[in-house]
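What follows draws every value from the coordinates through simple rules; no lab data is involved. Here the structure is a predicted model, which means the values were calculated and not measured.
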Amino acid sequence: MAASVRPERPGGGPALRPRGRSGGDPPSAHGRLAALLAHDLKTPLAAIAMNIEFVLSELSRDPAAAALCAALDDCRAANTRAIGILSDMADAARLETGEHSVKLVKVQVVRLFGGLVRRFESDAHSRGVAMTSQIDADIIRADEGLLARALGRLLERAVRHARPGSTICLESRDATVTVRVSPPGDEKDVVPIHDVFRGLAMQFTEAVAKALGGEVVTDTADDGCLYVQLSMRRPSVAP
């Protein structure tokens, strides 16, 4: 996606376009349906998980069943991801209605980013994508669990869609965290930003940002980098 010249944001980098802003919007019919689906599908998915674990425990005794175990491991991973997606659907709806409580604490960015990088760097490496972090704010005030989940969803999509040779960087500055995807070398031909950061990952991230008193902004910079920035309530006004 080509980008025009834009004013600089504080601290350097492009100014970003708001994608979602805080407000008191009532939950949509889609949001209510998503919450109901998430609730009703958790039970059958939990049953699938239990049976996969049982079959794996039985097959693990048979050396000749290694291929079957590998296939079931893939099923287990996919099922775990599906359960996580359903949790995000339900919690996004609860965040919109205020039913999900938010606990603001001082979050150590080094620990947060370190855990996220360790979680995704193996998959990223297998796809030829580098992962790094840049920390200008050591402490941010947020709900650590919700923030980690939102960033995890964004990183999951970024790793999946980034081209080999790209770099994914987690950045912290003031009361914001940013996921930046840099194209390989001097290339500027990257996947359009709305093909990378879209769907439930963005819906959940926007719900988290709104609950934290901030917003989500996205943009493609002049250097071809994709940015998703999640802002939070400034420390000076945080309870």
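Structure values in brief
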{"read-out": "The stretch 103-237: projected area of the alpha-carbon convex hull, averaged over directions, in nm²", "value": "7.4"}
{"read-out": "Difference of contour (0.36 nm per residue) and Cα-Cα distance, ILE139 to ASP222", "value": "26.9 nm"}
{"read-out": "Gain upon complete extension [ASP40, HIS125; 0.36 nm per residue less C-alpha separation]", "value": "27.0 nm"}
